[in-house]
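These notes are about the structure you will find just below.
Values quoted throughout were computed directly from the atomic coordinates according to the rules given, and no laboratory measurement underlies them. All values reported here derive from a predicted model rather than from experimental measurement. A quick note on method: Cβ atoms are made from the backbone with ideal geometry, for glycine too, and the neighbour counts reach across all protein chains shown.
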Amino acid sequence: MDKNQGYSILKAVILENGRGFALGHHPTAPSPYVTWACYDDEKGQRQYEWGHYGNNLPAMEKDFADRVQEYQRLFKVKVVQVEAPGLYKYYSIQRPVDIGTFPKPPHNAPDELVNYDQRVPVEGGAFLAWGHLTYTKPLTEKQVSDYELRPAPYISELSRKGGDRPRPIAEQLKAAQKEAQEHRALDAPRKEAPDRSDR
């Protein structure tokens, strides 16, 4: 995953107009967390600007989500891609992972390469694999096909029913937001309700 000013990028969201936002972490910085606005320049290099710095991860995750939502509200743009280390996992089903056996797209080198001792059942025995790779950004269907990889079911679940196109990231984000709100509601302190049994 990318780094900027010593901060490792934990997550990035890219919008349909090419702009986006990123959340970074630097364990020894005075403010270890940051959110930035970002974009890819004409050379494809990620540029970061307008940093908000802080010490509290949950607060900075909220800042990240708020910045994305506010930008979407102002400019009426959709999220087209979510990036995070290890977010996209692919199994090597025909051979062990080795030089020349996996794609290395520009600005999307694998985060992790793992070879198993032999071809083993994976994903609860759904199929056999020699190893796996994880990427920050999704691979194209052609890259997956050319290198005979198989996406983890998590990626397949992001596909729409009846087609191979990934579910829009906006839908994924809404589902994640709903889950986070439900989780927050469960953690919230419960107020004692008055006893109304005498009514």
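Applied to the range 142-148, the Karplus parametrisation 6.51 cos²θ - 1.76 cosθ + 1.60 on θ = phi - 60° returns per-residue 3J(HN,Hα) values of 5, 4, 4, 5, 4, 9, 6 Hz, with x for Gly and Pro. Each listed q (0.21, 0.24, 0.26, 0.29 Å⁻¹) maps to a log10 I(q)/I(0) for the range 41-94, found by the Debye formula over equal Cα scatterers with no solvent: -1.10, -1.21, -1.24, -1.22. Basic side chains Lys and Arg get +1 at the Cβ, acidic Asp and Glu get -1 at the Cβ, and with that the dipole of the range 14-71 about its Cα centre reaches some 160 debye.
Taking only C-alpha pairs under 8 Å that are 6+ residues apart, what is the relative contact order of the range 88-157 in percent? So the answer I get is 48 percent. Per-residue 3J(HN,Hα) values for the range 45-51, derived from phi via the Karplus relation 6.51 cos²θ - 1.76 cosθ + 1.60 with θ = phi - 60°, read 8, 6, 10, 10, 7, 6, x Hz in sequence order (x marks Gly and Pro).
Which of the peptides 8-21, 104-117 is most tightly packed, and how do the rest follow, going by the mean number of other Cβ atoms within 10 Å of each residue? Walk me through the numbers on the way to the answer.
Numbers: 8-21: 19.1, 104-117: 13.2.
With the highest mean Cβ count within 10 Å placed first, the list reads 8-21, 104-117.
All C-alpha to C-alpha distances of the range 88-157, sorted into 5 Å bins beginning at zero, yield P(r) values of 3, 18, 32, 28, 15, 4, 0 percent in whole numbers.
Is the C-alpha gyration tensor of the range 3-83 telling us rounded, prolate or oblate? Criteria: a/c under 1.5 is rounded; beyond that, a/b larger than b/c is prolate, otherwise oblate. Cα axes put the range 3-83 in the oblate bin.
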